[in-house]
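The structure under discussion appears below in the form of structure tokens.
The values are calculated or read from the model by the stated rules, or taken from the named source; none is laboratory data. Computed from a predicted model, the values in this text were never measured in an experiment. Note that each Cβ is placed from the backbone with ideal geometry, even for glycine, and that neighbours are counted across all protein chains shown. Areas reflect the complete protein model, heavy atoms only, side chains present, ligands, DNA and RNA absent. Shrake-Rupley method; radii C 1.70, N 1.55, O 1.52, S 1.80 Å.
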Amino acid sequence: METVKKLKTSWNAVKGYVVSALCFGVVIGLFLNGVLSMSDRMDKEGEETLRSAIARASVQCYAIEGRYPPSVEYLEENYGIKIDRNRFNVFYDGFASNVMPDITVFPNQEERGR
């Protein structure tokens, strides 16, 4: 009878450890999901911030010089725009000096590992 009681007690202890490990795994999974979600949100906000900074610098160039800048490199050299080319690809399409260029910012897929 004593052996059966010890066996039941040890089985209850094992069940407790398994339940604790599962709960810990769920908490870690939720935490990692939250971190990845936050990272994606920050990347999206970074894209939008960069796009609007390039647009503002383009308008500033137009106001000062009377023409939109010919390239993003011109904005980097003369208007203080900083682009992290490891994180973002910028497509700047200006076909005329008096028409606002199309500005598109994409995340660099190689950096994200996709």
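Okay, here's what the table says:
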| item | result |
| --- | --- |
| Search result, residues across the range 58-89 that are open to solvent by less than 30 Å² (accessible area, probe 1.4 Å) and not small (Gly, Ala, Ser) | Cys61, Pro69, Val72, Leu75, Ile81, Ile83, Phe88 |
| Residues of the range 90-114 satisfying the condition of being under 27 Å from Met42 (Cα atoms), open to solvent by 80 Å² or more (accessible area, probe 1.4 Å) and either at pLDDT below 90 or among the acidic types (Asp, Glu) (or both) | Asp93, Asp102, Phe106, Gln109, Glu110, Glu111, Arg114 |
| Close pairs from the range 22-47: first assigned to a helix (DSSP H, G or I), partner open to solvent by less than 70 Å² (accessible area, probe 1.4 Å) and of a type outside the set (Gly, Ala, Ser), Cβ under 6 Å, at least 6 apart | Asp43/Pro107; Glu47/Val105 |
| Yes/no for Phe106 being aromatic (Phe, Trp, Tyr) and in contact with a helix residue (DSSP H, G or I) (Cβ under 8 Å, 6 or more places away or on another chain) | yes |
| Failed criterion for Ile28 (all others in (1) β-branched (Val, Ile, Thr); (2) at pLDDT 90 or above; (3) open to solvent by 100 Å² or more (accessible area, probe 1.4 Å) hold) | (3) |
| So Glu47, is it charged (D, E, K, R) and open to solvent by less than 80 Å² (accessible area, probe 1.4 Å) | yes |
